[in-house]
Amino acid sequence: MKILVTAKRVPDPEQKVKLKGAVLDVSAVNWQLNQFDEYAVETALRLTENASSTGAGARAPEDQVIVCGIGPKDVQQQLRQTLAMGADKAILVDGADDALDADVVARTLQKIVEKEKPDLVLMGKLAADSESNDAGQRLAGLLGWPQATFACTVEITDGGKALSVGREVDAGMETKKVRLPAVVTVDLRIVAPHAVKNGKTASDHAYAEGPRYASLKGIMAAKKKTIEETTLAALGVTPTLKVKTIALEAPPARKAGIKVQSVEELVQKLHNEAKVL
Amino acid sequence: MGNVLIVVEQAEGQLRTASLSAVTFGKKMAETTGGKLSLLVIGSGVDKVAAEAANLGAADVTFVDDGALKNYLAETYAPIVVKAAQEKGVSVVGVTATAFGKDLMPRVAALLDAGMAADVVAIVAANKFRRPMLAGNVIAEIEVVTPIVCATIRQTEFAPAQAAGAASPVAKMDAGPIDAKGAEFVSLAAAKSDRPELTEAKVVISGGRGMRESKNFDELAKLADLVGGAMGASRAACDAGMVPNDLQVGQTGKVVAPKLYVAVAISGAIQHLAGMKGSKVIVAVNKDPEAPIFQVADYGLVTTWEKALPELMTEIGKLKAAQR
């Protein structure tokens, strides 16, 4: 199975957000790989390898993980990280952050898909900065492929022709089957020990919780792997924005609260002062 | 000016209350654009839902009823939304940002070659909106520059639409060709609960990692039941398997804005705060006086949940008895 995974860099979510006027102050931002994309890379690796208690096994030649990032040159750093985790190849499409919206991203990925012909596109369910949660569904719509969003489990079925995907929906967990090729976007729980089943790795194999760390060997190997560079123009994508960001501002601050000394005082205040009980 | 189309979500022949917020958004948008508001219901055996939607004060209600549409699939529903949008000549297509809306609308937008505003919290103009970013730490004003604007609406920021006087005309629309594109609904493992839905409850009682184990959530549930509220949890508690994932409140779980939110043994990670900061009154109970949750709490109590929960039961019980 050939899998294309998308990787976006985002500001470290733990860092305090700073605004410079109506734009984000990125001067001191610590960029990192979007967590959901990191989970998508982990999912792709688990879908293609034959893992055992002694570690990740070799991939069959037809099983490939290609990672694609769109952004400035610096994104190489995040792509290199995914190569160190075990991805085979990366593609960097040159594009300034403010020249992109979900539509430009989806149309760019469509071109990459046409070129690379993957069986599956795996993406994070959202990027932790824009939080739009739309590029994957847009891509599926453009390609006319089936989609499975918010995946918390995934299993290869039908002799590698389809995926059975557990989706976190409002009412609980939905199971949806998608014929390949398809677009799948992953949620948090996809990196649980038994969330991914590929028919090669023993079905009772328990992965360590979370995405894998790059091993020293992986980091060395990543240096020899290719990051192909291309541009929106070379792919034939016109970067016309459908959605423009006009201004950013800090949300209204909540007024400082008080500490109460006892449950009795708390309940009295909720009743008499806040009038919510 | 352009008309407005709002997709009304239904589950097993029941109109989902969450959709009422999108209807309110639709009414405001219709006022802004000077167009009329149409509602769209899709499914199988949904004539009753359409009749219910007809009471919400829209200009008309369209429903598409087909056995092949019994279970929601983005692949089959999106082309129907597109068809309705084109027939109605709309400039705005909206849906509440539930799991359904978030899955469906971007696909619709791609098919319409339209820009999409995700998770709208306020309308600025016919194509300008405000929406949160970066875990709610920034509010962005965005402009959608395509002739058709697609939008998902944050439920907590638009009051549910109320029943209006006269019923709107209801018309059935042909589904057109239904092609699942190789997608298939298999099953839904629904979490059953007698408590109100998390996103609709007036009171939410949430527990975090500090609850330590699953059975301790029973104590929290008793308090939720006493006040007629819903139970929620932090990501840490869900990840640890203490409670099912559908109880998760936060950036990656559900966004809630009840009248009263009580955070018990929750430290207050940024991603949790993003899901509950809009609550009217926030109470935090935590044994760590430095926990970040206290920075957003209106009332903070530094103590253990073991001590606080029984006392809360007693004190609120007394209050309830006095109110009777």
Worksheet item: Got a number for residues in the range A:171-188 being under 11 Å from B:Gly182 (Cα atoms), of a type outside the set (A, V, I, L, M, F, W, C) and buried (at least 24 other Cβ atoms within 10 Å of the Cβ)?
Response: 1
Response to the item:
All conditions in (1) open to solvent by 10 Å² or more (accessible area, probe 1.4 Å); (2) on the phi > 0 side of the Ramachandran plot are true of B:Gly43 except (1)
Worksheet item: Any idea which of (1) of a type in the set (Ser, Thr, Tyr); (2) within 14 Å of chain A (Cβ to nearest Cβ); (3) in a helix (DSSP H, G or I); (4) over 30 Å from A:Arg107 (Cα atoms) is the one B:Thr76 doesn't satisfy?
Response: (4)
Worksheet entry | Unique match (being over 25 Å from A:His194 (Cβ atoms) and open to solvent by 10 Å² or more (accessible area, probe 1.4 Å)) among B:Pro196, B:Pro258 | B:Pro196
Discussion item. Quick check on the range A:207-216. Is at least one of its residues open to solvent by less than 30 Å² (accessible area, probe 1.4 Å) and within 30 Å of A:Lys20 (Cβ to Cβ)?
Written reply: no
Worksheet item: Does B:Val124 count as open to solvent by 10 Å² or more (accessible area, probe 1.4 Å) and within 11 Å of chain A (Cβ to nearest Cβ)?
Response: yes
Item to complete: Just give me the residues in the range B:58-78 being within 16 Å of A:Thr175 (Cα to Cα), aliphatic (A, V, I, L, M) and open to solvent by less than 10 Å² (accessible area, probe 1.4 Å), in sequence order.
Response: B:Ala74
Discussion item. I'd like to verify a number: residues in the range A:249-276 that are more than 7 Å from chain B (Cβ to nearest Cβ) and among the charged types (D, E, K, R), how many?
Written reply: 4
Fill in: Which numbered condition B:Thr152 fails, given (1) touching a residue at least 12 places away in the same chain (Cβ under 8 Å); (2) open to solvent by 30 Å² or more (accessible area, probe 1.4 Å); (3) within 11 Å of chain A (Cβ to nearest Cβ)
(2)
Worksheet item: Does B:Asn55 count as assigned to a loop (DSSP other than H, G, I, E, B) and more than 22 Å from B:Val145 (Cα to Cα)?
Response: no
Practice prompt. Would you mind telling me which numbered condition in (1) polar (S, T, N, Q); (2) open to solvent by less than 30 Å² (accessible area, probe 1.4 Å); (3) within 19 Å of A:Gln268 (Cα to Cα) B:Ser279 fails?
Written response: (3)
Worksheet item: Restricting the range B:295-324 to residues that are part of a helix (DSSP H, G or I) and aliphatic (A, V, I, L, M), which is surrounded by the most Cβ atoms within 10 Å (Cβ to Cβ)?
Response: B:Leu312
Worksheet entry | Single unsatisfied condition, A:Ala87 versus (1) open to solvent by 40 Å² or more (accessible area, probe 1.4 Å); (2) more than 14 Å from chain B (Cβ to nearest Cβ) | (1)
Discussion item. Regarding the range B:304-318, can at least one residue be identified that is touching a residue at least 40 places away in the same chain (Cβ under 8 Å) and of a type in the set (Gly, Ala, Ser)?
Written reply: yes
Discussion item. For the range B:274-284: of the residues being out of contact with any Pro (no Cβ under 6 Å at 6 or more places or on another chain) and at the interface with another protein chain (Cβ under 10 Å from one of its Cβ atoms), which is nearest to B:Trp305 (Cα to Cα)?
Written reply: B:Ala284
Discussion item. As an exercise: evaluate A:Ala51 against (1) under 20 Å from A:Lys2 (Cβ atoms); (2) open to solvent by less than 20 Å² (accessible area, probe 1.4 Å); (3) within 18 Å of the chain's Cα centre (by Cα) and give the number of the one condition it does not meet.
Written reply: (3)
Discussion item. Looking only at the range A:170-190, filter to residues that are more than 18 Å from the chain's Cα centre (by Cα), assigned to a strand (DSSP E or B) and not charged (D, E, K, R); which one of those is farthest from B:Glu200 (Cα to Cα)?
Written reply: A:Val178
Discussion item. Please verify whether A:Val65 is open to solvent by 10 Å² or more (accessible area, probe 1.4 Å), of a type in the set (Val, Ile, Thr) and in contact with a helix residue (DSSP H, G or I) (Cβ under 6 Å, 6 or more places away or on another chain), treating the condition exactly as stated.
Written reply: no
Worksheet item: Are any residues in the range A:115-155 more than 10 Å from chain B (Cβ to nearest Cβ) and in a strand (DSSP E or B), and if so, which ones?
Response: A:Leu120, A:Val121, A:Leu122, A:Met123, A:Gly124, A:Ala151, A:Thr153, A:Val154, A:Glu155
Worksheet, complete the sentence: The condition of being of a type in the set (Gly, Ala, Ser), within 9 Å of chain A (Cβ to nearest Cβ) and more than 20 Å from the chain's Cα centre (by Cα) holds, among B:Ala175, B:Ala99, B:Ala110, only for B:Ala110
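Checking the conditions here, which among B:Val41, B:Val49 is in a helix (DSSP H, G or I) and either of a type in the set (Val, Ile, Thr) or modelled with pLDDT under 95 (or both)? Break it down into steps so the answer makes sense when it comes.
Numbers: B:Val41 fails: in a helix (DSSP H, G or I).
The match here is B:Val49.
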Item to complete: Please find, within the range B:291-324, the residue that is farthest from B:Ser279 (Cα to Cα) out of those that are more than 9 Å from chain A (Cβ to nearest Cβ) and of a type in the set (D, E, K, R).
Response: B:Arg324
Response to the item:
Across (1) open to solvent by 10 Å² or more (accessible area, probe 1.4 Å); (2) more than 19 Å from the chain's Cα centre (by Cα); (3) at pLDDT 95 or above; (4) not small (Gly, Ala, Ser), A:Thr201 clears everything bar (3)
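The values are calculated or read from the model by the stated rules, or taken from the named source; none is laboratory data. Since the structure is predicted, the reported quantities are computational estimates derived from the model, not experimental observations. When we count neighbours, we look across all protein chains shown, and the Cβ atoms used for this are built from the backbone with ideal geometry, even at glycine. Areas reflect the complete protein model, heavy atoms only, side chains present, ligands, DNA and RNA absent. Shrake-Rupley method; radii C 1.70, N 1.55, O 1.52, S 1.80 Å.
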